[in-house]
Amino acid sequence: MKEKLLMRFASKSDIERITDIYNQAIESKISTGDTKKFKPEERITWFDHYSSDKYPIYVFEIYNSVVAYATLSPYRNGRMAMSKIAEISFFVDFNYHQKGIGSYIMENVINDCKRLKKKTLLAFILDVNPASASLLEKFGFEVWGKLPNAIEFDTYRCSHLIYGKRLNI
């Protein structure tokens, strides 16, 4: 599957597909703390906070169809001592799980961190998401923190895990 994948920076024309993929994650109740699905127009302000030269949104395509996306976000924005830290988030269309796309995302986003001068990556995941934990650990991330039972859904509680990785840049 990887040989068919193409990574590029997202454009506003991708917002609808990005929103579809994120709404799948919301419905799963294991991939994000959001509980209400979004409409594409509600994601425009969110999208506008990213830029390919500092904090990108990447999309991953197979035959011109977006099947996944990832973001790098600032950690504690405005605090200069923390400016070389970024938070990575990644979401894959459920129809494309278990096809190596997550690994492709991680390889490419980590490689782009050199251009962006990021030295540390963080990922915040729910402890009920073993697939994301496995992917992060495969790429050398370790658990650096835990907020025990801090996430409350209607029917259950779970912990928020903070994974971290120092990059060799």
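The values are calculated or read from the model by the stated rules, or taken from the named source; none is laboratory data. This structure is a prediction, so every number in the text was calculated from the model and none was measured. Backbone-built Cβ (ideal geometry, glycine too); neighbour counts: all protein chains shown.
I'd like to know if the stretch 81-104 contains one or more residues that are assigned to a helix (DSSP H, G or I), hydrophobic (A, V, I, L, M, F, W, C) and within 14 Å of the chain's Cα centre (by Cα).
Looking for residues that are assigned to a helix (DSSP H, G or I), hydrophobic (A, V, I, L, M, F, W, C) and within 14 Å of the chain's Cα centre (by Cα), one finds at least one in the stretch 81-104, hence yes.
Yes or no: residue 133 modelled with pLDDT of 95 or more, small (Gly, Ala, Ser), buried (at least 17 other Cβ atoms within 10 Å of the Cβ) and under 19 Å from residue 57 (Cα atoms)?
No; evaluated as a whole, the condition is false for this residue.
Give the number of residues within the stretch 129-156 that are closer than 23 Å to residue 100 by Cβ and either among the aromatic types (Phe, Trp, Tyr) or not in a strand (DSSP E or B) (or both).
Counting residues in the stretch 129-156 that are closer than 23 Å to residue 100 by Cβ and either among the aromatic types (Phe, Trp, Tyr) or not in a strand (DSSP E or B) (or both) gives 13.
Looking at the stretch 93-109, which of its residues are under 22 Å from residue 142 (Cα atoms) and surrounded by 18 or more Cβ atoms within 10 Å (Cβ to Cβ)?
Within the stretch 93-109, the subset under 22 Å from residue 142 (Cα atoms) is 98, 100-109.
If the condition is that a residue be under 22 Å from residue 142 (Cα atoms) and surrounded by 18 or more Cβ atoms within 10 Å (Cβ to Cβ), then 101, 102, 104, 105, 106, 109 are the ones that fit.
When you go through (1) touching a Leu at 6+ places or on another chain (Cβ under 7 Å); (2) of a type in the set (Ser, Thr, Tyr); (3) buried (at least 18 other Cβ atoms within 10 Å of the Cβ) one by one for residue 71, which number turns out not to apply?
It fails just one condition, (1).
Restricting attention to the stretch 114-128, which residues are in contact with a strand residue (DSSP E or B) (Cβ under 7 Å, 6 or more places away or on another chain), outside any strand (DSSP E or B) and either free of Cβ contacts under 8 Å to residues at least 60 places away in the same chain or of a type in the set (Asp, Glu) (or both)?
118, 119, 127, listed by residue number.
So if I check each of 41, 61, which one is of a type outside the set (A, V, I, L, M, F, W, C), at pLDDT 95 or above and part of a strand (DSSP E or B)?
Only one candidate qualifies: 61.
Please work out which one of (1) in contact (Cβ under 8 Å) with a residue 24 or more places away in the chain; (2) touching a Gly at 6+ places or on another chain (Cβ under 8 Å) is the condition residue 142 fails and give its number.
Every listed condition holds for residue 142 apart from (1).
Could you please find all residues in the stretch 1-53 being hydroxyl-bearing (Ser, Thr, Tyr), surrounded by 13 or more Cβ atoms within 10 Å (Cβ to Cβ) and over 20 Å from residue 158 (Cβ atoms)?
Passing the criteria: 19, 50, 52.
Checking the conditions here, which among 61, 27, 42, 16 is without any contact (Cβ under 8 Å) to a residue 60 or more places away in the chain and in contact with a Leu (Cβ under 7 Å, 6 or more places away or on another chain)? Please lay out each step first, then the result.
On the way: 27 fails: in contact with a Leu (Cβ under 7 Å, 6 or more places away or on another chain); 42 fails: in contact with a Leu (Cβ under 7 Å, 6 or more places away or on another chain); 16 fails: in contact with a Leu (Cβ under 7 Å, 6 or more places away or on another chain).
None of the others qualify; the one that does is 61.
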